[in-house]
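Before any comments, here is the structure.
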Amino acid sequence: MLELLDLSRRFGDIIALDGVTFSIPDGEIVGFVGPNGAGKTTTMRIALGVLEPDAGDVRWNGRPIDAEARRRFGYMPEERGLYPKMKVQEQLVYLARLHGLSRPDASRRAAETIEVLGVAERANDRVENLSLGNQQRVQLAAALVHRPDVLILDEPFSGLDPVGVDALTGVLRGEAGGRGVPVVFSSHQLELVERLCDRVVLIDHGRIIAAGTIEELRASREQRRLRVHVTGAPEDWYDAIPGVRLVEATSNDGLVLELADGVDEQRVLDLARGAGDVTHFSRERASLAELFREAVRT
Amino acid sequence: MSLSGDGVGSDARETDRGTWWLVAQRDFWYRLRDKGFVISSGITLAVLTGLILLRAYGGSGTPTFDLGLLGTGSTRLGPLVVQAGNGQGTDVRTRPVADRDAAEAALADGSVDAVLVDGKSLLAEREVPNELETAVQTAVVADGIRTTLEANDVPPDEISQILTPTPVPVETLEPQDPNRETNSTVAFIAVVILYGQLFGYGVWVATGVIEEKASRVVEILLATIRARQLLAGKILGIGTLGMLQLIVIAAYSIVLASLTGALDFPAHALGTAALAIGWFMLGFAFYASLFAVAGSLVSRMEELQNVIVPLNLVILVSFFLAIGATSDPNSTLSVIVSIVPFSSALAMPVRISLGAATSFEIVAALVVSIGSTALLIPLAGRIYSGAVLRTGARVKLRDAWRSASN
């Protein structure tokens, strides 16, 4: 388990991180979301030791991280970067050795990794001569080549086509589910995060504003929402119960209602049945995107 | 889709100490295979080959002239001209010419440089070479003296004694090394090459830093290795390549110069080369740290020229000061520039090689050089680590210093 404890960091007058705390359990995929400039990249860089925090601690399996443990992390920075003039295989071997593998192991792992990621036939091409999609694969290979103990990926899905997204999703599931590696990645593609992640951590202005499974995030919402379809009812039938607010009116007499604390859903149902024919009555599940917008707004 | 290997400890691991060594190896081999390196090495060796061959076979030996002899008066003077030529360090070869037409033909085809007519006048195509004219002049005077002495019944062996020049003994107040001129030439060439290596390889360090920054690969590297290890590895790798190239250049030049006879005294050149190599290491450690800092401040290769201008100037000024020291190694200026850190790597080997440096000055220069580099490296490392992750606009030194975390 990788734990980030109370991380703070300033850049001049700007407070980039202000007491960031969360953890990434073994074998789980954690989505790290937040608006641009919220502090995601800074957090990841600190977790990797690329940046030092002003205060706070990063722990791996309960112990402070030393350089040796850090070398076993895998990292894909948001700003993609490889030596443009180095050949794919050569470059991956070099990076694997920097991560601590011996030369024969590094060669073997580099070959395996590009095989799995489908760029094996480009092993002896210079990176600058590859298509962007293949460069992205090599970049991912660079993060995986040493079979990392922890995977930290900054916007790994940006710039991928749907096939690439599926491939990367498969790799991340394999790393977390198969090898039991803690995986954290940042993304603005919230549907993807919702689909892929065991947990989500939401950051804004350098502070963690929500963290947990999607269900936990939903449950923590102060308001509940209902989707109700009533035919033949007056437009403002729900006004009779205090604490019910209209969020959205859809076609076919559909309404999305927000219920204040203490408002009983069954009372709303009774009222709806009294007003007309109820053709649909359900709890509205908030999408991660909605949770995100709400959380960031407050 | 999944990868094999359980990751945690399944592969053999290298120790942390080895990481800067890996960086050094990569930088070394990567550049050794670089086309630019191969081409520039080839050009350097070709230029040196040209210089050495020119010195060995081009004109610097004993001047030799061919003199045609026309008429009996000339035939009698011939041996005297040869003797006079020998006395002044000129080889004169004589051969008889049948008549005026043959003389003109020989002059036209260049087989003689001048023709002595009847022992009285010189005929040439355009002008008579000075040395040849002097030799003929001397021979005519000697012939006149001999004729007069013979007419006064001076015994022949006395005459030849009078006419055989004996060198006047020379005594100097400050004895000069007979190889002084050669030694200064060797020192001059050593300074030029040393300057080229310091500057060229320094720029390579800067471009290496910018390359990693511009391609952003540095962020991946810094996730595995500390900025200072990366810097140390890079300087070591590139510096080793520079040193090996210097050794190859020196060995090649000295062997070629000895084989062709361009150098009379290769042992001294060997000593100068060893000095140059030693001071290259000291000077490179110093300058490479500065070049690395310069490179870390910018994010694009196009900005390289702007940041290295000040360094470029400092090295160039040091270079000219060191050139000055090759001709005047004992001046106060030469002593100073051979001790201050920026120029000592260029000027001190010159002064040692020319026998001008005292042991005190050598020790002082070593202490200053090693001490200033030892102070500079941590400063450079800090600025480098503070600047190397900041892409975009040029980083100010002060900001880099502040944002470095340790």
Regression test value, accessible area per residue of chain A, probe 1.4 Å, units Å², expected 44 Å²
Chain B -> Rg/Rh from Cα coords, Kirkwood Rh, value 1.22
Measuring from the longest principal axis of the C-alpha atoms of chain A, the long axis of helix A:265-275 (C-alpha) lies at a number of degrees, nearest 10, equal to 50 degrees
Helix A:288-297: inclination vs chain A longest Cα principal axis, degrees, rounded to 10, gives 80 degrees
Computed on Cα atoms, the radius of gyration and Dmax of segment A:49-171 in angstrom are 14.9, 46
Per principal axis, largest first, the Cα atoms of segment B:289-376 extend in Å by 46, 27, 17
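Work out, in µm²/s and without decimals, the Stokes-Einstein translational diffusion coefficient of the protein assembly as shown at 10 °C, 1.306 mPa s, Rh from Kirkwood over C-alpha pairs.
Working: Rh = 32.5 Å.
D, rounded to a whole number, is 49 µm²/s.
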Sorted largest first, the Cα spans of chain A on the principal axes come out in Å as 77, 43, 33
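Find the Cα radius of gyration of segment B:157-296, compare it with 2.2 N^0.38 Å by division, and give the number to two decimals.
Working: Rg = 24.4 Å, N = 140, 2.2 N^0.38 = 14.4 Å.
Relative to the rule-of-thumb radius for its length, segment B:157-296 sits at 1.70.
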For segment A:131-147, in residue order, the Karplus 3J(HN,Hα) values (coefficients 6.51, -1.76, 1.60; θ = phi - 60°; whole Hz; Gly and Pro = x) are 5, 4, x, 6, 4, 4, 5, 5, 4, 5, 4, 5, 7, 9, 4, 9, 6
Here, residue B:34 and residue B:300, labelled 7 Å along Cα→Cβ, have an inter-label distance in nm of 2.1 nm
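For A:73-83, what's the mean count of beta carbons from other chains sitting within 10 Å of each residue's beta carbon? Mind showing how you got there, number by number?
Numbers: counts 2, 3, 5, 3, 8, 2, 8, 5, 11, 4, 8.
Whole-number average of other-chain Cβ neighbours for A:73-83 is 5.
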Which residues qualify? For residue B:94, with a placed amide H closer than 5 Å and at least 5 residues away or on another chain, they are B:67
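Give the peptides B:313-326, B:352-365 in descending order of average Cβ contacts within 10 Å, highest first. Don't skip to the answer; put the middle values down first.
Working: B:313-326: 19.1, B:352-365: 17.2.
Those peptides, ordered most packed to least, come out B:313-326, B:352-365.
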For segment B:186-197, in residue order, the Karplus 3J(HN,Hα) values (coefficients 6.51, -1.76, 1.60; θ = phi - 60°; whole Hz; Gly and Pro = x) are 4, 5, 4, 4, 4, 5, 4, 5, 4, 4, x, 5
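If r is the Cβ-Cβ distance from residue B:149 to residue B:100 and R0 is 41 Å, what FRET efficiency results, to the nearest 0.05? All intermediate terms of the calculation are to be shown ahead of the outcome.
Working: r = 33 Å, r/R0 = 0.80.
Calculated value: 0.80.
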For chain B, longest principal axis from Cα atoms; helix B:266-296 axis from its Cα atoms; angle between them, nearest 10 degrees, is 30 degrees
Taking only protein heavy atoms and a 1.4 Å probe, the highest-to-lowest accessible-area order of B:247, B:339, A:241 is B:247, B:339, A:241
Descending packing, highest mean Cβ count within 10 Å first, for B:22-31, A:96-105 is A:96-105, B:22-31
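At the nearest 100 Å², what buried accessible area, both sides summed, do you get for A and B when the probe is 1.4 Å?
On the way: alone 14970 and 22510 Å², together 33430 Å².
Looking at A and B, the buried total is near 4000 Å².
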Cα extents of segment B:64-163 along the principal axes, largest first, in whole Å, come to 44, 27, 17
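The values are calculated or read from the model by the stated rules, or taken from the named source; none is laboratory data. All figures in this text were calculated on a predicted structure; none of them were measured in a lab. Cβ: placed from backbone, ideal geometry, glycine included. Neighbour counts: every protein chain shown. When the accessible area is computed, the model is the full protein with side chains, heavy atoms only, and any ligands, DNA or RNA have been set aside. Shrake-Rupley method; radii C 1.70, N 1.55, O 1.52, S 1.80 Å.
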